[in-house]
C-alpha cells in the first residue's frame, strides 16, 4: 500500500502518471483521503485533464473546506478551464480571508478581466496596488483594468510603472501601447506593436498583429484597407516597417 509520502515524492519528481496510479489505489482503500484527491487533481491538471482535475479539487475542498491549499488549487483549475468568473470568486474568497495577501487579490483582478468584469477587476487591482505599490504585476492589472474602463491617463501611468518594475516585459509594453492607443497617440502605439510583433511568436504575435491591423485600418485609405484586408500581406508589410500610422 502506498503512503501519502510516496505520492508526494512522485509529485515532487513530476511523475504524474505514477501519482495517478498511487492515488487511484489509495482512494480505492480510503475514499475520504483529501490529500490524495489534491495530488490527483494536481497531476491531472499538469496533464491537461481539466474536468477530472476539477472533480478531484472539488472533492478535496468538500472533505476539508478550511484548507486554503485546496481552494487555491480549485481556483487554478477553474482558471485553466476558462471559467474565469468562478475562479475569480474563489480567489476573492481567499483574499477576503487574508486581506494582506496580494497574490490572491491580484489573481482575482486578472480573473475578473478574463470574465469581462472590468469594474470588478479594477476594484481588485486597486486593492492589490494599495497592498504592494511596487508590484509590477499589480500595476499591470491596474493598467489593463483602467484601459478596459476607458481611463487613458490612468492606464498610461500604471502601464509605465509596470514597464519599469517588470523590466520591459512584453505584457507591460503591450499595456503601454494599448494605453497610448486609447489616448489617441496612435503612431507611438503602432510602433510599439511593431516592435512587439517582431519579438514575439505564435498566439502572442498574432494578437499583437491583430491589434495593429485594427489600428492601421482606422487611418488607411482604400489601398491601405486593401492591404489590411489580407492578413498574411499585412503581417509581412507590418513587420518590415513598410506601413506607418500618423497620429
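The values are calculated or read from the model by the stated rules, or taken from the named source; none is laboratory data. It should be emphasised that the depicted structure is a prediction, and the values quoted were computed from it without experimental measurement. When we count neighbours, we look across all protein chains shown, and the Cβ atoms used for this are built from the backbone with ideal geometry, even at glycine.
For region 78-96, taking the residues that are free of Cβ contacts under 8 Å to residues at least 12 places away in the same chain and in a helix (DSSP H, G or I), the one that is surrounded by the fewest Cβ atoms within 10 Å (Cβ to Cβ) is identified as 96.
Yes or no: residue 21 under 30 Å from residue 98 (Cα atoms) and out of contact with any strand residue (DSSP E or B) (no Cβ under 9 Å at 6 or more places or on another chain)? Show your work before the answer.
Numbers: under 30 Å from residue 98 (Cα atoms): no; out of contact with any strand residue (DSSP E or B) (no Cβ under 9 Å at 6 or more places or on another chain): yes.
It is false that residue 21 is under 30 Å from residue 98 (Cα atoms) and out of contact with any strand residue (DSSP E or B) (no Cβ under 9 Å at 6 or more places or on another chain).
Would you check which residues across region 97-133 are assigned to a helix (DSSP H, G or I) and either modelled with pLDDT under 95 or closer than 22 Å to residue 53 by Cβ (or both) and list them? First the steps, then the outcome.
Kept after step one, since they are assigned to a helix (DSSP H, G or I), are these residues of region 97-133: 97, 102-114, 118-131.
Selection gives 97, 103, 104, 107, 108, 110, 111, 114.
Residue-by-condition table, conditions (1) assigned by TED's automatic domain parsing to the domain that holds residue 66; (2) crowded, with 18+ Cβ neighbours inside 10 Å; (3) under 14 Å from the mean Cα position of the chain (by Cα):
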| position | (1), (2), (3) |
| --- | --- |
| 98 | no, no, no |
| 114 | no, no, yes |
| 132 | no, no, no |
| 212 | no, yes, no |
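If you go through region 145-163 and keep only what is touching a residue at least 24 places away in the same chain (Cβ under 8 Å) and either assigned by TED's automatic domain parsing to the domain that holds residue 192 or out of contact with any helix residue (DSSP H, G or I) (no Cβ under 6 Å at 6 or more places or on another chain) (or both), you end up with 150, 153. Those residues that are more than 20 Å from residue 241 (Cβ to Cβ), in a helix (DSSP H, G or I) and at pLDDT below 95, I need them from region 166-225; list them, please. Within region 166-225, 222 is the sole residue that qualifies.
For first residues located in region 97-108 and within 13 Å of residue 137 (Cβ to Cβ), partners that are at pLDDT 95 or above and not in a helix (DSSP H, G or I) and lie 6+ apart or on another chain with Cβ distances below 7 Å form the pairs 102/132; 102/135. As a summary of the residue check, residue 140 satisfies the conditions (1) surrounded by 21 or more Cβ atoms within 10 Å (Cβ to Cβ); (2) under 24 Å from residue 37 (Cβ atoms) except for the one numbered (2).
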